[in-house]
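First the structure, in the form of structure tokens, and then the observations on it.
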Amino acid sequence: MSIEDDYQYILALSETGSLSAAARQLNVNHTTVARRIQAFEARFNVKLFERVPKGYQLTSAGLSVLPDISLLKEQQLNIERKLAGHDNQLSGEVNLTLTPELANDYVIPALNELNFRYPNIQINLLMDSHHKDLYAREADIALRFTPTPTQGDLIGKKLFSSNWGVYASAAYLQQLPKQHRLLLWQLEFDPNWYSNCFAATEVVAKFDQLGPLITATKNGLGIAKLPCGLIDNDSSSTLYRLDLPLKPSIWNLWLLYHSDLKSAAKVTVVKDFLIEHLTKYASAFSGQSSHYWQGPIN
């Protein structure tokens, strides 16, 4: 293994200060991180890290070379992206990062067709809770709900707007408690959306992921503000939308990839397939097909 391979271990430990956290970032065992850094230090007879009560911190020698290591790693990634951008083969792996809900409801059902068209392309779905870094080639393509992309070197296409509505299960609405039970999403851009909608409320739970929030709403735990596209496209859903005024949604679904990959054949065909497939659902995400509750809500 080359010295360049060791740089990722040095960078990960310098960023996290923890062997276990660095190992998770690199998807290796923590002993591997320790062994590779120790071997690097022994090769040059220098100490890059020292143990402190909270983990590891760079020594003066480590601090002096960290900018150079970071630059070399960035240059290595630039080379890899540019070479990958000249790949004309419709074969190999394409890494796609997206939310679990979008994957389950919209992308996975289309994988049979994708595989039929391009049988030599392996699609890898990455559904971590944090955004994958397209610059670091943690993913080739991102399907991302965001108001607007902020990274300059990414090529983006807005697929559609994602409107939201207030939903509750039939069982919950039929019992209609005097004080509505609220289920909230922690990333909500309008955290007090319910203040002008109901006479009396109590927050019973908060969620950092939409999948569990939708499940809790279906189970009748309470009322929630949810993306229409993840509810209205399910014909078997027991959730009803409430006719309530909300601020316009800031969320849009974007397809993003790095500009260095714009000529990579396998990335291009997967990107084009996803655009073709997903744009058919623009009306569902707009909220035009919502099933509204006709009874009282207060």
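Per-residue answers, yes or no, for (1) touching a residue at least 24 places away in the same chain (Cβ under 8 Å); (2) in the same structural domain as P227 (by the TED database); (3) part of a strand (DSSP E or B):
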position	(1), (2), (3)
A168	yes, yes, yes
L182	yes, yes, yes
N196	yes, yes, no
A199	yes, yes, no
E202	no, yes, yes
* Being in a loop (DSSP other than H, G, I, E, B) and open to solvent by less than 70 Å² (accessible area, probe 1.4 Å) is the filter here, so list the residues in the stretch 204-222 that pass it. => G220, G222
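Among the residues of the stretch 213-221, are any farther than 26 Å from Q175 by Cα and either touching an Asp or Glu at 6+ places or on another chain (Cβ under 8 Å) or in the same structural domain as I123 (by the TED database) (or both)? Steps first, answer last, please.
Kept after step one, since they are farther than 26 Å from Q175 by Cα, are these residues of the stretch 213-221: none.
Taking every residue of the stretch 213-221 in turn, none turns out to be farther than 26 Å from Q175 by Cα and either touching an Asp or Glu at 6+ places or on another chain (Cβ under 8 Å) or in the same structural domain as I123 (by the TED database) (or both).
Kindly establish whether Y240 is open to solvent by 40 Å² or more (accessible area, probe 1.4 Å), assigned by the TED database to the domain that holds L184 and assigned to a strand (DSSP E or B). First the steps, then the outcome.
Values: open to solvent by 40 Å² or more (accessible area, probe 1.4 Å): yes; assigned by the TED database to the domain that holds L184: yes; assigned to a strand (DSSP E or B): yes.
Criteria met by Y240.
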* Would you say D234 is within 23 Å of T99 (Cα to Cα) and assigned to a loop (DSSP other than H, G, I, E, B)? -> yes
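When only residues in the stretch 243-265 that are outside any loop (DSSP other than H, G, I, E, B), crowded, with 16+ Cβ neighbours inside 10 Å and at pLDDT below 90 count, which is farthest from the chain's Cα centre (by Cα)?
Initial filter on the stretch 243-265 (outside any loop (DSSP other than H, G, I, E, B)): 252-261, 265.
Narrowing further to those that are crowded, with 16+ Cβ neighbours inside 10 Å: 252-258, 260-261, 265.
Restricting the remaining residues to those that are at pLDDT below 90 gives 257-258, 260-261, 265.
Working: Y257: 14, H258: 16, D260: 21, L261: 20, A265: 24 Å.
My answer is A265.
In the stretch 26-71, how many are on the phi > 0 side of the Ramachandran plot and touching a strand residue (DSSP E or B) at 6+ places or on another chain (Cβ under 6 Å)? Don't jump to the end; show me each part of the working.
Within the stretch 26-71, the first condition is being on the phi > 0 side of the Ramachandran plot, and the residues that meet it are 27, 45, 55.
If we keep only those that are touching a strand residue (DSSP E or B) at 6+ places or on another chain (Cβ under 6 Å) as well, we get none.
Residues flagged as on the phi > 0 side of the Ramachandran plot and touching a strand residue (DSSP E or B) at 6+ places or on another chain (Cβ under 6 Å) within the stretch 26-71 amount to 0.
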* Structure fact -> The correct count of residues that are assigned to a loop (DSSP other than H, G, I, E, B) and exposed (fewer than 12 other Cβ atoms within 10 Å of the Cβ) in the stretch 47-78 is 2
* Asked: Has the stretch 27-46 got at least one residue that is within 23 Å of E74 (Cβ to Cβ), acidic (D, E) and open to solvent by less than 80 Å² (accessible area, probe 1.4 Å)?
  -> yes
* Checking E276 against (1) at pLDDT 90 or above; (2) crowded, with 17+ Cβ neighbours inside 10 Å, which test does it fail? -> (2)
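The values are calculated or read from the model by the stated rules, or taken from the named source; none is laboratory data. Values in this document were obtained by computation on a predicted structure and should not be read as measured data. No Cβ is skipped: glycine too gets one built from the backbone with ideal geometry, and neighbour counts run over all protein chains shown. Protein only, heavy atoms only, side chains kept; ligands, DNA and RNA dropped before computing areas. Shrake-Rupley method; radii C 1.70, N 1.55, O 1.52, S 1.80 Å.
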